[in-house]
Each structure stands twice: as structure tokens, then as C-alpha cells.
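Structure, as C-alpha cells:
The values are calculated or read from the model by the stated rules, or taken from the named source; none is laboratory data. Bear in mind the structure is a predicted one, so any value in this text is a computation, not a measurement. Note: ideal-geometry Cβ built from the backbone for every residue, glycine included; neighbour counts use all protein chains shown.
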Amino acid sequence: MTGRLMKSGVSTPRWVDAALVIPRVFAGLLLAIDFGAGKLPVPEWFVTDVGNLGFPIPIAFAWAAVLAEVVGGLFLAAGFLTRPAAASIVCTMLVAALLQKAGDPLWERLPSLFFMAVAYYGLVLGGGRYSVDGWLRRRRSGA
């Protein structure tokens with residue numbers, strides 16, 4: 001079932017797929033370019049932050065978080081491997097919103113919550129018709 005969920009799309013009307021392209025592309029590119037790319041290569045302050053959260057091997061988890069932002073954001077924007085990319089973004093943004101910014105006011109957590117919410121839709125619905133995943137699915141089926 002999990003393999004099918006990762007590969008198949010949810011049957012939605014064309015207008016829904018078209019409407020979901022805008023937040024998927026906007027959030028994916030913003031996450032990758034503005035939030036993630038600025039942390040490449042992973043800065044020492046970020047590794048320290050991750051270590052302070054209690055993660056073992058903080059450098060590995062810091063790299064995983066940055067790659068989730070950069071690669072996951074680009075994949076989300078393109079709709080390529082949408083569900084795995086979205087899952088990595090949801091996990092990363094949960095950690096950012098609930099642990100890294102635990103003492104901060106809601107206003108400071110909003111970017112993480114926004115990216116998490118958009119990625120959640122990608123996780124549930126997949127990339128839709130207007131995505132690389134949709135194009136590959138149509139190509140495989142011969143449609």
C-alpha cells in the first residue's frame with residue numbers, strides 16, 4: 001500500500017490540480033532559494049543549533065535538514081518525487097516550528113508552519129496532473 005501511495009496520484013478535478021500548482025511552486029522555490037540555499041554549505045551555527053536540540057550526530061542531521069529545504073523544496077516545486085520530498089519537508093518544518101523555535105512567539109514560527117502546511121498537501125495529494133510526477137505517470141501509462 002505504501003508503494004502505491006508514493007507513486008499514485010489522488011484523482012482530482014483539473015481545476016484543483018491547477019490551483020495547487022501555485023502554492024506548491026511558490027513555497028518550494030521560496031524554501032529552496034531563500035531559506036535553504038543560504039545554509040549551504042551548512043554553517044557551524046546551524047550544526048550547533050541542531051546539537052542543542054539533542055540530535056545525535058548533529059552535522060548529519062543539519063545536512064539532512066538543509067537538503068530537505070534545498071532539494072526537497074526544488075522537488076516540491078517541480079512536483080518530482082513529490083511525496084518523499086514533502087515528507088522530508090514536513091518533518092524538518094515540524095522540528096523547526098516545535099523544537100528550534102519553541103520559545104519564540106507564533107509570528108516567528110509562521111514560515112516553518114507555512115512550509116509544513118503546503119508540503120502536507122503535497123504529501124497527501126502528490127504532485128497532481130501539472131507536475132513532473134504527473135507527466136511521468138502519463139508517459140508510463142501511454143496517455
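Filtering segment 105-143 down to residues that are under 18 Å from the mean Cα position of the chain (by Cα) and not in a helix (DSSP H, G or I), which residue is surrounded by the fewest Cβ atoms within 10 Å (Cβ to Cβ)? The residue in question is Tyr130. Take the conditions (1) crowded, with 21+ Cβ neighbours inside 10 Å; (2) on the phi > 0 side of the Ramachandran plot; Ile57 misses just one of them, which is (1).
Residue by residue, here is whether (1) out of contact with any Gly (no Cβ under 6 Å at 6 or more places or on another chain); (2) within 21 Å of Ala119 (Cα to Cα); (3) modelled with pLDDT under 95; (4) of a type in the set (D, E, K, R) holds:
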| residue | (1), (2), (3), (4) |
| --- | --- |
| Ala27 | yes, yes, no, no |
| Glu44 | yes, no, no, yes |
| Val47 | yes, no, no, no |
| Ala60 | yes, no, no, no |
| Trp63 | yes, yes, no, no |
| Ala77 | no, yes, no, no |
| Ile89 | no, yes, no, no |
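If you go through segment 37-46 and keep only what is within 14 Å of Val71 (Cα to Cα) and exposed (fewer than 13 other Cβ atoms within 10 Å of the Cβ), you end up with Gly38, Leu40, Pro41.
Candidates Asp49, Asp34: the one that is surrounded by fewer than 18 Cβ atoms within 10 Å (Cβ to Cβ) and within 14 Å of Val95 (Cα to Cα) is Asp49.
One residue alone among Val21, Val50, Val90 is under 13 Å from Gly126 (Cα atoms) and part of a helix (DSSP H, G or I), and that residue is Val21.
Checked against the criterion of being modelled with pLDDT of 95 or more, of a type in the set (Gly, Ala, Ser) and either assigned to a helix (DSSP H, G or I) or surrounded by fewer than 18 Cβ atoms within 10 Å (Cβ to Cβ) (or both), the candidates Ala68, Ala102 yield just one match: Ala68.
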